[in-house]
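One structure is given here, and the rest of the page talks about it.
The values are calculated or read from the model by the stated rules, or taken from the named source; none is laboratory data. Computed from a predicted model, the values in this text were never measured in an experiment. Cβ placement follows ideal geometry from the backbone for every residue including glycine, while neighbour counts extend to all protein chains displayed. Quick note on the areas: whole protein, heavy atoms, side chains included, nothing else; ligands and nucleic acids left out. Shrake-Rupley method; radii C 1.70, N 1.55, O 1.52, S 1.80 Å.
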Amino acid sequence: MNSKIHERQIVKWLKYILLCFSALTVVLPILVVFLGSFKTGEEFNRSRPFDLPKFESNNEIWKGAETLGSGSRIELKSGILSSRNFSGFLFLYDKIEDGAENCFIAVSDSSGREIARAELSAGSEEVFIPVSKDDCESLKASGAVVSGENCTVIRAKIREGFLFENYKTAFIKGNMLLGFWNTFLLILFSGAGTVVTGSMTAFVLSRFNFKMKKIVRQMFLWISLIPTITTQVATFQIIQKLGMYNTHLSVIILSMGTDIIAIMIYLQFLNNISKSLDESAIIDGAGYFQVFVRIIFPLLQPATVTILILKCVNLYNDFYNPLLYMPKKSLQVISTSLYKFKGPFGTNWPVICAGVVIAVIPTLIAFISLQRYIYGGMVTGSVKE
């Protein structure tokens, strides 16, 4: 008896461990993307995935090799600083040798008033000089003068607050508003077309008897076994010959045409709807179209919800078809809008992470507001009585 209880407890704990592991595999990548969206490119490449972002960026404003001393200084004009909200200056300089004395860097305004100073120690190669908000406004208006002794400055950077810059870059330069609009159009027309064609096809296959009916139903299953990639050359040529290349119609037609999953789901529901409803309506003088629209289709609401969920998710995540058939910039969708941040000389991963977070927001809102219908449609559509 005790051994059985111990076995049950072990199984129970194993289930909890497996559940926690599954949750971690989902949450950890999302956490990495979210943290990465607040990092700079340099910070993203150098830090570990789960390191917290510093929310700061060092932007270069001067480059050269200036040896500071008597009469030698670096002038940072107000035009460079006026549009910046910085918290200090970061100076990179040649390594200070042992035995060097009186090595410092000072920042002053245009009138010669010293704002801040930093002493340089032997072996050091960079120093950060913080600046207060009031002094920052003064330097933005008049410019800054960098002076010092016994050091050669090779870089001057300013440290700025960095919070939503990646999100601004992704949304504006990625033109994500246009991507959302084009994605909405594809989902609207493809979803409606899939529901109409899928339900009507399933209605014919379920209610009508005709020659080769079994072969037609089997052909739908056989088609689903053919890898899509093997038909892309022929499909592309057809789309191009029909003049639909670089138009919304190309992806809409490909998405709504012969959706095997939609037809199978509708057939599953239609097989559970009694044919006596059709017969009684026909006796009362209704045609087949009226039977479908007024009686059958309203009863297919759970199946329609299931199909729309699957179709919307697939279209929202689809990258291949929009990239291949809609390469024009004005036709970009949300999945291709971030592709422009990937180039031959590098990839701006922080901006892409910010774009991913922006892309998740609409789906998160839709899930929270429609979860009752989503769960109801998925559960009802998966059970056959």
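K157 accessible area, nearest 10 Å², 1.4 Å probe?
40 Å²
Answer with a single label: of [x] 20.9, 65; [y] 19.4, 61; [z] 32.2, 108, which was calculated as Rg and Dmax of the Cα atoms in Å from the structure in view?
Among [x] 20.9, 65; [y] 19.4, 61; [z] 32.2, 108, the one calculated here is [z].
When the chain is fully extended, how far beyond the present Cα-Cα distance does N209 get from K328, taking 0.36 nm per residue of separation?
Between N209 and K328, full extension yields 38.3 nm more.
Figure the gain on full extension for V196 and A116 (residue separation times 0.36 nm, minus the Cα-Cα span) and round it to one decimal in nm.
Net length gain for the segment: 21.6 nm.
What ranking of F44, F289 comes out by heavy-atom accessible area, probe 1.4 Å, highest first?
If we order F44, F289 from most to least accessible, we get F289, F44.
Cut-off 10 angstrom, C-alpha nodes, Gaussian network model of the chain. Which of E160, E125, E43 fluctuates the most?
Comparing E160, E125, E43 in a Gaussian network model of the chain, the most mobile one is E125.
What are the lysines whose alpha-carbon lies under 21 Å from the alpha-carbon of K173, with same-chain residues fewer than 8 places away excluded?
The qualifying lysines are K39, K328, K329, K340, K342.
For an R0 of 25 angstrom, estimate the FRET efficiency from the Cβ-Cβ distance between D94 and K63 and round to the nearest 0.05.
Plugging the Cβ-Cβ distance into 1/(1 + (r/R0)^6) gives 0.95.
Does a label point 7 Å from the Cα of W181, set along Cα-to-beta-carbon, have any residues of the range 309-329 with amide nitrogen under 18 Å, and which are they?
Backbone N within reach: 326-329.
Working from Cα positions, state the angle (0 to 90°, nearest 10) between the long axis of helix 133-142 and the longest principal axis of the chain.
Tilt of helix 133-142: around 80 degrees.
Once label points are set 7 Å from the Cα along Cα→Cβ at both I223 and F34, what is their separation, rounded to one decimal in nm?
4.2 nm
Mind pulling the angle between the C-alpha long axis of helix 349-381 and the longest principal axis of the chain? Nearest 10 degrees, somewhere in 0 to 90.
In the chain, helix 349-381 runs at an angle near 30 degrees to the longest axis.
Test of understanding: extend the Cα→C-beta vector of E137 to 7 Å, then name every residue of the range 112-130 with backbone N under 20 Å from that spot.
112-116, 130
Under a 10 Å cutoff between Cα atoms, tell me which one of G71, G243, G36 has the largest fluctuation in the Gaussian network model of the chain.
Its mean-square fluctuation being the largest, the pick is G71.
Counting only protein heavy atoms, what percent of the accessible surface of the chain is carbon or sulfur at a 1.4 Å probe?
Reported share for carbon and sulfur atoms: 63 percent.
Please give the residues of the range 51-87, grouped as numeric ranges, whose backbone N is less than 12 Å from a label point set 7 Å along the Cα-to-Cβ vector of R155.
58-64
So how much slack lies between T169 and V293, counting 0.36 nm per residue of separation and subtracting their Cα-Cα distance, in nm?
39.9 nm
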